[in-house]
Protein chains: 2
Amino acid sequence: MANLVPFWLLLSALLAPFASGDWNILRPKKSHLDLGDSLKIYCESWRVNVELNNVKGFEVVPQECISHVKKYMTSSQYTADSERAIEEVKLYLSTCCSPEGDGTDAWIFDVDDTLLSNIPFYKKHGFGGEKLNETDIEEWMRSSKAPALEHTLKLFNLIRDKGIKIFLISSRGEDLRSPTVDNLIQVGFHGWSALTLRGLEDEGKEVQKYKIKARQRLVDEGYHIWGIVGDQWSSFEGLPAADRRFKLPNSMYYVA
Amino acid sequence: MANLVPFWLLLSALLAPFASGDWNILRPKKSHLDLGDSLKIYCESWRVNVELNNVKGFEVVPQECISHVKKYMTSSQYTADSERAIEEVKLYLSTCCSPEGDGTDAWIFDVDDTLLSNIPFYKKHGFGGEKLNETDIEEWMRSSKAPALEHTLKLFNLIRDKGIKIFLISSRGEDLRSPTVDNLIQVGFHGWSALTLRGLEDEGKEVQKYKIKARQRLVDEGYHIWGIVGDQWSSFEGLPAADRRFKLPNSMYYVA
């Protein structure tokens, strides 16, 4: 019986922290935990302010936040955030507006990280923590291996089936037309009205200005742009604007 | 010695999960954990899509997300997100532009949840989960007890000291002018050029249109609006626009 005393003593000493709700004994030292928490808060606030376009024009993800961005971009939170945005588009489509139905109803989509996911590429290139190598990204785009963003694909089909014409306006170059079309079709996109890519005359032009020009052309042709879905602010800003814009998350890169 | 056998057996059985990295024994049942995680992800995606203005015009915070919004609005993440936005304003002010210096440089701030925090009020009213009672919120505003958002106060002083004129454009009514001014001064704001409140002629008008009109007046008077800091999209959208806008977080209410 004497032998049982140290047993219960040891056991209750071991379990006491759980009973009192203090679990730190099982965690890394508090100072480490605080540091990790501070970094997480810091990087999350960077990421959210990028999404809001309060932080503009970053060239690379700050080094200390690479693992945070990686974690987010491969998380179910990223998927949920995107899906929620797409759900809001559906809500808008069901209640907002009566498309003219005369062939002048238009909707705009970005391509990269809106229809096609570049996460497999960025996975191999530091999730935006490495300065983008043009040759590498072009090689990836030429491979036509980008998967579809599944929730955007469903929305794409829904919009097309409503009789709204879909215009894809991308900052990819004209020289990537063929692999881009191949990639889109392979993963299930079909039935868009036009795919606008950057030609020679648009080279060196800011993406925002190039996209404004593309929208202006649609408006000049008599289209009503009901909405834009994209992952970059340069797809929305400036005039003419769409009636609504829906921002998908992407904190891996910034296109000005 | 025979008594020690159950001791080590029990102890190793108790500690085995930690050695293998499976800590679930100490957590709520997995199904509960999953439910909690799903709800957290769901509510976080609601909140982020509100910030992005993908979700528009909600009347109350969804009931299932009240505790999430409460947690966020009282967290160090909320403070960090706001501070990061303010840091970006400072960065912009230091590099972007050369104010004219002829008295025509202007900056706009919202009042509620930009200069003054209504969190103490919403703490008592379900963090946006209760439909807003006009009498209650007016009583709170008349009490002049809202604390300053400290980081915005510092920015306010910085902008004023640069010689840029500060215009406060608020959706509060003219009848709240005196308690609003009292509140602002008590917590340290002084030296703004004008405080625009909603008069009788603006009643029933959408806040966005009222704020557009206020900006138009500034532009007509020859001002250059370098930036707007606010917590609502209705403070930024429409023309004339400012050169930059900085969105502070607020998922407790939506002003259309």
Loop-located trypsin sites (Lys or Arg not before Pro) in segment B:122-178 whose Cβ has at most 12 other Cβ within 10 Å (DSSP): B:Lys124, B:Lys131
Mean separation of Cα contacts under 8 Å, 6 or more apart, over the residue count of chain B: relative contact order %: 24 percent
Exposed GluC sites (Glu not before Pro) absent - longest run of chain A, DSSP non-H/G/I/E/B, at most 16 other C-beta within 10 Å: A:131-202
Shape of chain A, Cα gyration tensor, a/c cut at 1.5: prolate
Accessible surface, per residue, of chain B when the full set of protein chains is kept, probe 1.4 Å, Å²: 48 Å²
Gap separating the Cα centres of segment A:177-224 and segment B:186-244, nearest whole Å: 36 Å
Cα lying deepest toward the dipole's positive end in segment B:183-256, options B:Trp192, B:Ser251, B:Val219, charges on Cβ: B:Ser251
Share antiparallel - DSSP beta bridges, chain A, percent rounded to 5: 5 percent
GNM result for chain A, Cα springs below 10 Å: residue of A:Leu91, A:Leu115, A:Leu132 fluctuating most strongly: A:Leu91
10 Å-binned pair-distance histogram of the protein assembly as shown (Cα, whole percent): 3, 16, 25, 24, 17, 9, 4, 2, 1, 0
Alpha-carbon centroids, segment B:29-105 and segment B:115-161: separation in whole Å: 16 Å
Whether segment B:141-256 is rounded, prolate or oblate, judged on the alpha carbon gyration tensor where a/c under 1.5 counts as rounded: rounded
Modelled FRET efficiency - R0 25 Å, B:Phe58 with B:Glu138, Cβ distances, 0.05 increments: 0.70
Apportionment of accessible area to carbon and sulfur, the protein assembly as shown, percent (1.4 Å): 55 percent
Listing of segment A:60-91 residues, each with accessible area lower by at least 50 Å² in the full protein assembly than in the chain alone (probe 1.4 Å): A:Gln77, A:Arg84
Antiparallel bridge percentage (DSSP; both residues within the protein assembly as shown; nearest 5): 5 percent
Per-residue ³J(HN,Hα) for segment B:108-119, Karplus 6.51 cos²θ - 1.76 cosθ + 1.60, θ = phi - 60°, Hz, x for Gly and Pro: 10, 10, 5, 9, 5, 6, 10, 9, 10, 8, 9, 4
Area buried, chain A against chain B - accessible surface, total, 1.4 angstrom probe, square angstrom: 3400 Å²
Listed residue pairs exceeding 31 Å between alpha carbons, taken from A:Lys205/B:Lys205; A:Lys154/B:Lys70; B:Lys70/B:Lys247; A:Lys90/A:Lys213: A:Lys205/B:Lys205; A:Lys154/B:Lys70
Residues of segment B:225-239 with amide N under 11 Å of a point placed 7 Å along Cα→Cβ from A:Leu239: B:238-239
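The values are calculated or read from the model by the stated rules, or taken from the named source; none is laboratory data. In this text, all values refer to a predicted model and were calculated from it rather than measured experimentally. Using ideal geometry, Cβ is built from the backbone for each residue, glycine included, and neighbour counts are taken over all protein chains shown. We work out accessible area using only protein heavy atoms, side chains counted, and drop any ligands, DNA or RNA first. Shrake-Rupley method; radii C 1.70, N 1.55, O 1.52, S 1.80 Å.
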